[in-house]
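J.: One structure, as structure tokens, below. Some questions next.
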There are 4 protein chains.
Amino acid sequence: MSKDIQVTIWNEYVHEKEYEEVKEFYPEKFRQKHAASLKEQHQSIQQIYPRGIHHSLAEKLKKGKTISVQTATLHDKEQGLTEEILDSTDVLMWWGHVAHAKVKDKYVERVYERVMEGMGLIPLHSAHASKIFRKLCGTHSQKLKWREDGQKERLWVIAPGHPIVDGIGECIELESTEMYGEHFDIPDPDKIIFISWFEGGEVFRSGCCYYRGAGKIFYFRPGHEEFPIYENDEIIKVLKNAVHWAAPVNGPQIKYGEVEARE
Amino acid sequence: MSKDIQVTIWNEYVHEKEYEEVKEFYPEKFRQKHAASLKEQHQSIQQIYPRGIHHSLAEKLKKGKTISVQTATLHDKEQGLTEEILDSTDVLMWWGHVAHAKVKDKYVERVYERVMEGMGLIPLHSAHASKIFRKLCGTHSQKLKWREDGQKERLWVIAPGHPIVDGIGECIELESTEMYGEHFDIPDPDKIIFISWFEGGEVFRSGCCYYRGAGKIFYFRPGHEEFPIYENDEIIKVLKNAVHWAAPVNGPQIKYGEVEARE
Amino acid sequence: MSKDIQVTIWNEYVHEKEYEEVKEFYPEKFRQKHAASLKEQHQSIQQIYPRGIHHSLAEKLKKGKTISVQTATLHDKEQGLTEEILDSTDVLMWWGHVAHAKVKDKYVERVYERVMEGMGLIPLHSAHASKIFRKLCGTHSQKLKWREDGQKERLWVIAPGHPIVDGIGECIELESTEMYGEHFDIPDPDKIIFISWFEGGEVFRSGCCYYRGAGKIFYFRPGHEEFPIYENDEIIKVLKNAVHWAAPVNGPQIKYGEVEARE
Amino acid sequence: MSKDIQVTIWNEYVHEKEYEEVKEFYPEKFRQKHAASLKEQHQSIQQIYPRGIHHSLAEKLKKGKTISVQTATLHDKEQGLTEEILDSTDVLMWWGHVAHAKVKDKYVERVYERVMEGMGLIPLHSAHASKIFRKLCGTHSQKLKWREDGQKERLWVIAPGHPIVDGIGECIELESTEMYGEHFDIPDPDKIIFISWFEGGEVFRSGCCYYRGAGKIFYFRPGHEEFPIYENDEIIKVLKNAVHWAAPVNGPQIKYGEVEARE
């Protein structure tokens, strides 16, 4: 019997906590300008994911028989990225938005080394701008267009034979979400799974597979702290499929460095 | 001084001729159903490209100093695909729509061999369903969604460093065009240059680069027999850039088959 | 409990049968020139795969718990490619060498449609020149360098995180085999898994993944009718992994053709 | 008349200077172990590139009519990477080996930003382990196999239609060189141009094209401080072709960040 895939859902867990705490993460200037909307935003968030996005996702992913889940946050010991946690992680799902800069470089390095060694990574939505994804891209992946207008998104399947779209229809519709638009400054994905259409006139590469080192990465755009994207069954199905795709394999032990001739 | 790139613009040249001739290409059933719109369509076409799309494109491409242009049509000797014409062709631009099936297999083979040997190929718009592009794809590239509703298209640049977008803005807007939507059943392009957004809710990989044999292929979606797409300066600029990108190089002479050991 | 993956191993089954039968497949000129070596070759083959390569492979693949196997040959009803057989095929493994031209176009079309719909395909060794692989490539995939000198090959893993190399070391050594060398006239693979080194001085892209339509294709170079390549445990492990990778998914039902606007 | 492409050849310029200076770059432990060979090595180098690899390359590249060249080294003002120099650089060629760690992070960042904005980059040979290439890869590109045994390398052309192989034969033979072997821990190149065969039994992806941001990168393996690789005319031809391929285009001005809806 094959072992469960062990998923760790990491969340910066800032949006979902009381507004007072959020304040310290937003730059002062931004807070003053957006004070009203921030307040409203963070109050609404409490109603969607009252225990945090990580708990909500964990509940849903656990329903897959072959996945076991733990959660971790920025506020935990070693920012939730201890060696122990990573030792028991096959695939790391990453949510971050306002606190990217708070994640310490030494933990980013630690996660990076794990990806190189084979750990799967699934950066969600605004994690396009996380330190770990930027480092893995080698480009300004934080650069894209955005607009929080709550309009419609439609994700079209581009790769009908790929395991990540198993059980999915030809497109996924999200009635109300934040827009991300091209140009998205990423390396060309090794495989594009979804391209999004947005009501306001933009497109976006929304599901992107990468092989890096011995690790596999699936960037998935949908998700938001205000809009209940993770209540959508197809979105959850994609995440489950992505966990299976990104799980490590028992790949070759490679000897790097100076070697003797084989011949 | 470097020689001009020799472009041949091949056009099935059916739409643009009088409606009577068109009749023989459309299946009887289709004609009966669409008689009124066909009539209207082909009359309007005469006003846009009175001498044929090939002549219109030729006029515009010639303005580039480094490109010389000839045209050919389905109605010419050997369907416009004689060895002589192909001998003097660096890059073949291909327009076809209603008469794909009329192109004889032996001439498709002839064009195919030229692409394998290094000739560039630029299939335009409905040439996604041409015999030559289908053969080069090895998939059902004729399969896509479509709708002739004259709504808006916006082509977003995905590859900002690529020579095909030299001199182009971050997107090209076409006020009124036919829609093509994903899933488009092509092999993943070696490089995607544009992704289109359509007013009706679809997306499309609209500028696709392929390397096949020693040849280079650029599929470019924009273009239509009714809507004056080829009057758009940015579209023409893309085509000129594509001609330069697709031009043959003086690549290696390769010995295939049984060979002696090198060591 | 998940169902077994159903593999059909198709073999032209010519080499392994008595020399008399082989004669009809080789061109006359070729037979006269190579009469002695052909005789010797086909006698030696009988000792390696006395019941045919398909039976030998079937025995080995069946040992994987999650794979069930049937075989078919060119000499069966409808050349072994009946609708019934394809209906019960998730992944088709293809061995062909001297009889490519004998496979009827109508059956090639049938297999092609199945790949477009999601069936996996694993062309082995000389199947690079089979009609079905050439059609799927859209290039002259029959073109490569070759030499039957029985020298050493070493397949280096290029993609350490890919499921096809699960359980494999950093390279696979084959003491004695036929050489295939670049340039190999294929489209760039969507993923290269192995690159081979040959004693005589050549290299080769030996494990190539393609997505085409809803199907997945893994071309795998190793294999020969004289050298006992399929006795190698790592080669068999790669084939088992490839079967799992190439198995169909329950992908989207796609509506192609004219569609209503979504908006 | 089109302007020359402005190439800057940057060299750490350590190997070629007297042995005394080299000492400070090599780790103490390494120096003690390899004292004799280092001494011999650096003496021999003086005979091959007496004024430095950068001057030797500059002489050869200048012979192309459309390329103008300047050089810079680690020992210059701001490590040879001033804003002024980068302002007058279309394509930066990078040689480094023993002094990667000496290049200051702030200058690496400066070069990185230029690549994102469109500057071409050609890392040579041991520059696979340079800070700038590692950052752009997002992987451990320093990891590979190596052996300084002065044996044969043969670079096979994989991409016969690519402009980088214009004027090149089907392979390039280098009689005596250092070996680099797979696995090479890079992201899959956007296009592989050459795969190398080595006498000792290894293979290597030796010519790798990447698009990153608006910039283009061509990693080219050949080159060494001891073996006179840059005396080889075909190697120089490849470098000239690569300069043309990597030159910036007048690409789109992209507006990133929050945007108004287009519709």
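J.: Restricting attention to segment A:187-206, does a residue exist that is among the basic types (Lys, Arg), touching a residue at least 24 places away in the same chain (Cβ under 8 Å) and touching a Ser or Thr at 6+ places or on another chain (Cβ under 7 Å)?
T.: No, that holds for no residue.
J.: Give me the residue from segment A:106-121 that is of a type in the set (A, V, I, L, M) and more than 14 Å from A:Gln6 (Cα to Cα) and, out of that set, surrounded by the most Cβ atoms within 10 Å (Cβ to Cβ). Walk me through it before giving the result.
T.: Applying the first criterion (of a type in the set (A, V, I, L, M)) to segment A:106-121 yields A:108, A:111, A:115-116, A:119, A:121.
Narrowing the set further to residues that are more than 14 Å from A:Gln6 (Cα to Cα) leaves A:108, A:111, A:115-116.
Details: A:Val108: 19, A:Val111: 23, A:Val115: 25, A:Met116: 20.
In this case the residue turns out to be A:Val115.
J.: Turning to a different aspect of this structure: Pick from segment D:77-105 the residues that are aliphatic (A, V, I, L, M) and in a loop (DSSP other than H, G, I, E, B): which of them is nearest to D:Lys3 (Cα to Cα)? Before you say what the answer is, go through the steps one by one.
T.: Narrowing segment D:77-105 to residues aliphatic (A, V, I, L, M): D:81, D:85-86, D:91-93, D:98-99, D:101, D:103.
If we keep only those that are in a loop (DSSP other than H, G, I, E, B) as well, we get D:81, D:98-99, D:103.
Details: D:Leu81: 23, D:Val98: 35, D:Ala99: 34, D:Val103: 31 Å.
Of everything passing the filter in segment D:77-105, D:Leu81 is nearest to D:Lys3 (Cα to Cα).
J.: What are the residue pairs meeting all of these: first residue in segment B:46-57, first residue among the aromatic types (Phe, Trp, Tyr), second residue at pLDDT 85 or above, Cβ atoms under 7 Å, and 6 or more apart or on different chains?
T.: Matching pairs, first to second residue: B:Tyr49/B:Ser56.
J.: Checking D:Ser196 against (1) in contact with a Phe, Trp or Tyr (Cβ under 7 Å, 6 or more places away or on another chain); (2) within 14 Å of chain A (Cβ to nearest Cβ); (3) surrounded by 23 or more Cβ atoms within 10 Å (Cβ to Cβ), which test does it fail?
T.: Condition (2) is where D:Ser196 drops out.
J.: Still on this structure, I have one more. Which of the residues that make up segment A:184-205 are out of contact with any Cys (no Cβ under 6 Å at 6 or more places or on another chain) and of a type in the set (D, E, K, R)?
T.: Residues satisfying the conditions are A:Asp185, A:Asp188, A:Glu199, A:Glu202, A:Arg205.
J.: Out of segment B:88-105, which residues are surrounded by fewer than 18 Cβ atoms within 10 Å (Cβ to Cβ) and touching a helix residue (DSSP H, G or I) at 6+ places or on another chain (Cβ under 9 Å)?
T.: First, pick out the residues of segment B:88-105 that are surrounded by fewer than 18 Cβ atoms within 10 Å (Cβ to Cβ): B:88, B:101-102, B:104-105.
Of everything in segment B:88-105, those that are surrounded by fewer than 18 Cβ atoms within 10 Å (Cβ to Cβ) and touching a helix residue (DSSP H, G or I) at 6+ places or on another chain (Cβ under 9 Å) turn out to be B:Ala101, B:Lys102, B:Lys104, B:Asp105.
J.: Within segment C:179-193, can you find the residues that are in contact with a strand residue (DSSP E or B) (Cβ under 7 Å, 6 or more places away or on another chain) and within 13 Å of chain B (Cβ to nearest Cβ)? Spell out how you get there, then give the answer.
T.: In the first step, residues of segment C:179-193 are kept if they are in contact with a strand residue (DSSP E or B) (Cβ under 7 Å, 6 or more places away or on another chain); the result is C:179-184, C:186-193.
Answer for segment C:179-193, where residues must be in contact with a strand residue (DSSP E or B) (Cβ under 7 Å, 6 or more places away or on another chain) and within 13 Å of chain B (Cβ to nearest Cβ): C:Met179, C:Tyr180, C:Gly181, C:Glu182, C:His183, C:Phe184, C:Ile186, C:Pro187, C:Asp188, C:Pro189, C:Asp190, C:Lys191.
J.: Hey, among the residues in segment D:122-178 that are hydroxyl-bearing (Ser, Thr, Tyr) and more than 10 Å from every other protein chain (Cβ to nearest Cβ), which one's surrounded by the fewest Cβ atoms within 10 Å (Cβ to Cβ)? Steps first, answer last, please.
T.: Taking segment D:122-178 and keeping what is hydroxyl-bearing (Ser, Thr, Tyr), we get D:126, D:130, D:139, D:141, D:176-177.
Add one more test, that the residue is more than 10 Å from every other protein chain (Cβ to nearest Cβ), and what stays is D:126, D:130, D:176-177.
Values: D:Ser126: 23, D:Ser130: 26, D:Ser176: 15, D:Thr177: 24.
Step by step, filter segment D:122-178, then rank; the result is D:Ser176.
J.: In segment D:234-263, how many are under 32 Å from the mean Cα position of the chain (by Cα) and either in a strand (DSSP E or B) or away from chain A (no Cβ under 14 Å) (or both)? Walk me through how you get there before you give the answer.
T.: Pass one, segment D:234-263, residues under 32 Å from the mean Cα position of the chain (by Cα): D:234-256.
Subset that is either in a strand (DSSP E or B) or away from chain A (no Cβ under 14 Å) (or both): D:234-250.
Residues meeting the conditions: 17.
J.: Considering only residues of segment C:126-176 that are polar (S, T, N, Q) and at pLDDT 95 or above, which is nearest to the chain's Cα centre (by Cα)? Outline the logic, then answer.
T.: Let us first name the residues in segment C:126-176 that are polar (S, T, N, Q), namely C:126, C:130, C:139, C:141-142, C:151, C:176.
Adding the requirement that they be at pLDDT 95 or above leaves C:126, C:130, C:139, C:141-142.
Working: C:Ser126: 7, C:Ser130: 9, C:Thr139: 17, C:Ser141: 13, C:Gln142: 13 Å.
The residue in question is C:Ser126.
J.: For residues that are surrounded by 20 or more Cβ atoms within 10 Å (Cβ to Cβ) and touching a residue at least 60 places away in the same chain (Cβ under 8 Å), tally how many sit in segment A:75-84. Let's see the steps before the verdict.
T.: To start, the set of residues in segment A:75-84 that are surrounded by 20 or more Cβ atoms within 10 Å (Cβ to Cβ) comprises A:79-81.
Still in the list and also touching a residue at least 60 places away in the same chain (Cβ under 8 Å): A:80-81.
Residues that pass the stated criteria total 2.
J.: Could you check segment B:145-196 and list, in sequence order, the residues that are in contact with a Pro (Cβ under 7 Å, 6 or more places away or on another chain) and not in a strand (DSSP E or B)?
T.: B:Pro160, B:Val165, B:Ile168, B:Gly169, B:Glu170, B:His183, B:Pro187, listed by residue number.
J.: Sticking with this structure for a sec: Would you pick out the residues in segment C:202-230 that are surrounded by fewer than 22 Cβ atoms within 10 Å (Cβ to Cβ) and either within 11 Å of chain B (Cβ to nearest Cβ) or of a type in the set (A, V, I, L, M, F, W, C) (or both)?
T.: Correct list: C:Cys209, C:Tyr211, C:Phe227.
The values are calculated or read from the model by the stated rules, or taken from the named source; none is laboratory data. Here the structure is a predicted model, which means the values were calculated and not measured. Here the Cβ is made from the backbone with ideal geometry for all residues, glycine too, and neighbour counts use every protein chain on show.
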